[in-house]
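Peer 1: Let me give you the structure first, and then I'll get to my questions.
The values are calculated or read from the model by the stated rules, or taken from the named source; none is laboratory data. All figures in this text were calculated on a predicted structure; none of them were measured in a lab. Cβ atoms come from the backbone with ideal geometry, glycine included; neighbour counts cover every protein chain shown.
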Amino acid sequence: MAQHTYHNDGEHEVAPAQTGTIWRTFWILAAITALEFIIAFTIPAGTIKTAIFVGMTIVKAFYIVGEFMHLKHETKSLIWSILLPCIFVVWLLIALLMEGGSIFQLR
């Protein structure tokens with residue numbers, strides 16, 4: 001919520017935005033993205049590289065949701081009510097991918 005400062009003449013002005021938090025978030029996300037680029041050009045393609053990219057993408061997504069959507073400032077019950085279904089969806093996707101790949105082994 002914006003903080004207001006009042007002058008003697010009754011007018012008020014809005015306090016400046018918290019640009020420090022925005023820049024810190026920018027630099028953290030830029031560092032993670034730079035690390036992704038380094039990994040993309042140094043590690044050969046494979047399961048490890050894909051797992052690293054998925055993990056780093058999840059970290060960036062949680063950081064963006066926490067900072068820009070203000071989720072980290074919410075109550076724990078709201079955070080868990082959003083996070084728990086997402087965990088189950090990821091588990092479902094992994095299970096479907098593993099089961100879907102087993103069809104090629106049957107032939």
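Peer 1: Can you name every residue in region 31-62 that is among the small types (Gly, Ala, Ser) and within 14 Å of the chain's Cα centre (by Cα)? Full working, then the answer.
Peer 2: Initial filter on region 31-62 (among the small types (Gly, Ala, Ser)): 31, 34, 40, 45-46, 51, 55, 61.
Hits for region 31-62 are ALA31, GLY55, ALA61.
Peer 1: For the structure I just gave you, tell me whether ILE39 is touching a Phe, Trp or Tyr at 6+ places or on another chain (Cβ under 8 Å) and not in a loop (DSSP other than H, G, I, E, B).
Peer 2: Details: touching a Phe, Trp or Tyr at 6+ places or on another chain (Cβ under 8 Å): yes; not in a loop (DSSP other than H, G, I, E, B): yes.
Taking the combined requirement at face value, the residue satisfies it.
Peer 1: Looking only at region 63-107, how many residues end up being closer than 30 Å to ARG24 by Cα, over 13 Å from the mean Cα position of the chain (by Cα) and not in a helix (DSSP H, G or I)? Don't jump to the end; show me each part of the working.
Peer 2: Here is the first cut: in region 63-107, the ones closer than 30 Å to ARG24 by Cα are 63-87, 90.
Subsequent filtering for residues that are over 13 Å from the mean Cα position of the chain (by Cα) retains 73-82, 84-85, 87, 90.
Keeping just the survivors that are not in a helix (DSSP H, G or I) gives 74-75.
Going through region 63-107 one residue at a time, the tally reaches 2.
Peer 1: Just need a number here: residues in region 56-107 that are loosely packed, with under 10 Cβ neighbours inside 10 Å and closer than 27 Å to THR21 by Cβ.
Peer 2: Within region 56-107, residues that are loosely packed, with under 10 Cβ neighbours inside 10 Å and closer than 27 Å to THR21 by Cβ number 5.
Peer 1: Here's another thing I want to ask about it. Mind checking which pairs have a first residue in region 22-39 that is within 9 Å of LYS60 (Cβ to Cβ) and of a type outside the set (D, E, K, R) and a second that is exposed (fewer than 12 other Cβ atoms within 10 Å of the Cβ) and at pLDDT 90 or above, Cβ under 6 Å, 6 or more apart or different chains?
Peer 2: none
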